[in-house]
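The structure appears below as structure tokens.
The values are calculated or read from the model by the stated rules, or taken from the named source; none is laboratory data. All values reported here derive from a predicted model rather than from experimental measurement. Virtual Cβ from ideal backbone geometry, glycine too; neighbours counted across all protein chains shown. Ligands, DNA and RNA are excluded from the accessible area calculation, which covers all protein heavy atoms including side chains. Shrake-Rupley method; radii C 1.70, N 1.55, O 1.52, S 1.80 Å.
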Amino acid sequence: MTQHTTETLMWDDVMRAGAAAEDRSIIDLFATDADRASGFAAEFDGLLLDYSKTSIDAAAREALLALADKAKVAERREAMFSGEKINETEGRAVLHTALRNLSGSPVMVEGKDVMPGVLDTLARMEAFAADLRDGGFTGQGGAITDVVNIGIGGSDLGPVMGYIALSPYRDGPRCHYIANVDGAHVADVLAPLDPETTLIIVASKTFTTIETMTNARAAWAWMAEKVKTPGEQFAALSSNPGETTKWGIAPERVFGFEDWVGGRYSMWGPIGLSLMLAIGPDDFRAFLQGAADMDAHFRSAPFERNLPVLLALVGIWHNQVQGHATRAVLPYEQRLRRLPAYLQQLEMESNGKSVAMDGSALDMQSGPIVWGEPGTNGQHAFYQLIHQGTRVVPCEFLVGAQGHEPELAHQHELLVANCLAQSEALLRGRSLDEARAIMAAKGLTGDELDRQARHRVFPGNRPSITIAYPLLTPGTLGRIVALYEHRVFVEGVILGINSYDQWGVELGKELALALEPVLKGEDPGKGKDGSTLALAGWMRAHGLS
Ligand code: F6P
């Protein structure tokens, strides 16, 4: 028995349920329960979570719900919402929910209500956005036509994802995003832009991230070629005012937030400024409200109808109980094409830990590997493995009943048909007999019929969930993102880890800094491994510049 005796015992019933489900046929669950589709689904505010195409049956669900109880999800949830320092390794509260608490109801951190500050910053962002969108705030060459957000990780992925997702709501300046320290990124994004009508937003919680600061300096130099005072066309988003002042950006264009907002949870506040500029303050508020509604649901709905809790339990079932290491996020919504990348950071940076909160080794698998692409594109690329490969990949489909293009409704129907067909195919599969019948109808016989039929067998019984919504509006997007945020929280609580630090990104940063002089040939790199030294040497020999 590991050190986690109580935790291990806590898992016993779920693991037993998992063992009982090993040979279970999901499709048979439908045959024995006519109401399975509705019984294994939950809906909130137009958002449907269908988890009926998983091997979870009533007993497994009961065990999973009991696991959430035993892990004290409810208590931890209240601790989070009420400003306790649940990010114990950094000594911080976790309050991204306060950023969308439009009601302004008090949220206390160390005895102080943080809401007046949050709402004041939101009002300042809105005033700036209105001024810029109305042509009051201009560049040296006139109205701002383009906005460039320079940030990385949580200071990039959220705003980019939201900007693409909500393109039908855009009526402001065009936004562009630079993240990679590869000079190609800054060069390609800036090349077509006019510095005199461009606003640069430097988005960085710490304002020390080397990629962002390097790109910001490049953008400053680009602007300085045509604009007398570049700082006047710069804005800063950060929780480190000490660093932003060094850049000489006027305080009215510095939008701050507190250290209790994690980078990957920050698109609701100042880090979302580019999105607000693009879609306007009203639609940005609708986005916040959607998330706030999901917060209220998460906080009050019984676990058996609680979307984030159920989504987390499905995740635990597939990963920790059934041992499926990855999770594919497959939006049948072209405008959600960056959602998988966004969720990759949200889930993998949050729950990719092998040490429990108390410092002991995790005796479970950590969070899953998250990946994905929009459907239908993925169907013509990697779905082959999902359908017929030897590994099982639980799939998460997202799909809207309506598109924003009424004149292309027939295409939307095709999209939805494809989405539903994929989860159906994963569930149902195709037996050898069915494949043989198909081959026989084509005129094949004997060994050749048999051989060809085997290649056309689909094992089926592959789990998926579907998240459906009427239309991808700002409110819907807010609900979806908050749903996933809370899912990550619940999974983290059940695993007993801290979902809010990210120490695993530090070592690479330190080593990159130490490698610079080695690459320049100024340092022999004593103590470094042979491969790294050889690669550095190869780069130098091949004209590193
Ligand atoms: O290195 C990881 C990380 O700290 C992420 O957690 C964060 O979202 C990203 O870098 C960017 O950090 P910052 O907003 O401080 O520039």
With the Cα gyration tensor of region 175-293 giving a ≥ b ≥ c as the square roots of its eigenvalues, does the rule (a/c under 1.5 for rounded; else a/b larger than b/c for prolate; else oblate) give rounded, prolate or oblate? prolate
Over 32 Å between C-alpha atoms is what I'm after, so list which of 246/526; 112/205; 85/509 land there. 246/526
So how long is each side of region 35-102 along the principal axes, counting just the alpha-carbon atoms, biggest first, in Å? 45, 30, 15
When the label point is put 7 Å from the Cα of residue 126 along its Cα-to-beta-carbon vector, which residues of region 278-294 have a backbone N closer than 16 Å? 278-292
Two-site label geometry, residue 445 and residue 337: point separation in nm, points 7 Å out along Cα→Cβ: 5.0
Could you state the principal axis extents of the C-alpha atoms in the chain, from the largest down, to the nearest angstrom? 79, 62, 58
Send over the per residue convex hull volume for region 308-440, Cα only, as a whole number of Å³. 137
For region 288-340, take the convex hull of the Cα atoms, compute a quarter of its surface area, and give me that in nm², please. 4.9
Using 16 Å as the cut-off for backbone N distance, which residues of region 208-228 belong to the label zone defined by a point 7 Å from the Cα of residue 259 along Cα→Cβ? 208-209
Dividing the helical contributions, -39500 (n - 2.57) per DSSP H run of n ≥ 4, by the residues of the chain yields a 222 nm value, nearest 500 deg cm²/dmol, of -14000 deg cm²/dmol
For residue 58 and residue 221, FRET efficiency with R0 = 51 Å and r from the beta-carbon atoms, rounded to 0.05? 0.20
Work the Kirkwood hydrodynamic radius out for region 167-244: mean of 1/r over every pair of different alpha-carbon atoms, inverted, in Å. 13.3
So what's region 10-68 giving for Cα Rg divided by 2.2 N^0.38 Å, two decimals? 1.18
Could you report the accessible area of residue 424 in Å², rounded to 10, computed with a 1.4 Å probe on the protein chains as they sit in the structure? 90
Scalar couplings 3J(HN,Hα) for region 452-457 by Karplus 6.51 cos²θ - 1.76 cosθ + 1.60 (θ = phi - 60°), nearest whole Hz, x for Gly and Pro, are 5, 4, 4, 6, 9, 7
Segment residue 540-residue 411, extension gain: residue separation times 0.36 nm, minus the distance between their alpha carbons: 41.3 nm
Heavy atoms of residue 97: accessible area, 1.4 Å probe, square angstrom to 10: 10
With the Cα gyration tensor of region 401-545 in hand, convert its eigenvalues to equivalent ellipsoid semi-axes via √(5λ) and list them largest first in whole Å. 49, 31, 19
Measuring from its Cα centre, the chain shows a charge dipole (+1 at each Lys and Arg Cβ, -1 at each Asp and Glu Cβ) which, in debye to the nearest 20, is 780
Would you mind computing Rg(Cα) / (2.2 N^0.38 Å) for region 67-150, counting N as its residues? 1.59
Please label the shape of region 272-372 as rounded, prolate or oblate, based on the square roots a ≥ b ≥ c of the eigenvalues of the alpha-carbon gyration tensor (a/c under 1.5 means rounded; beyond that, a/b larger than b/c means prolate, else oblate). prolate
More than 18 Å apart: what percent of Cα pairs in region 113-203 qualify? 54
In whole angstrom, the spacing between the Cα centers of region 448-509 and region 394-418 equals 19
Rg/Rh of region 60-213 (Cα atoms, Kirkwood Rh), to two decimals, equals 1.07
Percent of Cα pairs exceeding the 17 Å cut-off, where the set is region 146-195: 36
Applying 1/(1 + (r/R0)^6) with R0 = 35 Å to the Cβ-Cβ distance of residue 78 and residue 365, what FRET efficiency is obtained, to the nearest 0.05? 0.80
Would you compute the Debye intensity of region 343-392 from its alpha-carbon atoms alone, equal scatterers and no solvent, and pass along log10 I(q)/I(0) at q = 0.17 Å⁻¹ to two decimals? -0.68
Provide the per residue accessible area, probe 1.4 Å, for the chain, rounded to a whole number of square angstrom. 43
At q = 0.09, 0.14, 0.20 Å⁻¹, work out log10 I(q)/I(0) for region 218-351 with the Debye formula, treating every Cα as an identical point scatterer and leaving solvent out; two decimals please. -0.43, -0.90, -1.37
Read phi for every residue in region 413-425 and hand back ³J(HN,Hα) as whole Hz from Karplus 6.51 cos²θ - 1.76 cosθ + 1.60, θ = phi - 60°, with x for Gly and Pro. 4, 5, 4, 5, 4, 5, 4, 5, 5, 5, 5, 5, 5
Convex hull of region 364-477 built on C-alpha atoms - directionally averaged projected area, nm²: 10.2
So if R0 is 41 Å, what FRET efficiency would residue 243 and residue 471 give, r being the distance between their Cβ atoms, rounded to the nearest 0.05? 0.50
Residue-ordered couplings for region 189-199, obtained by feeding phi - 60° into the Karplus form 6.51 cos²θ - 1.76 cosθ + 1.60 and rounding to whole Hz (Gly and Pro as x), are 6, 6, 3, x, 8, 9, x, 6, 10, 10, 9
Accessible area of the chain belonging to carbon and sulfur atoms, whole % at 1.4 Å probe: 53
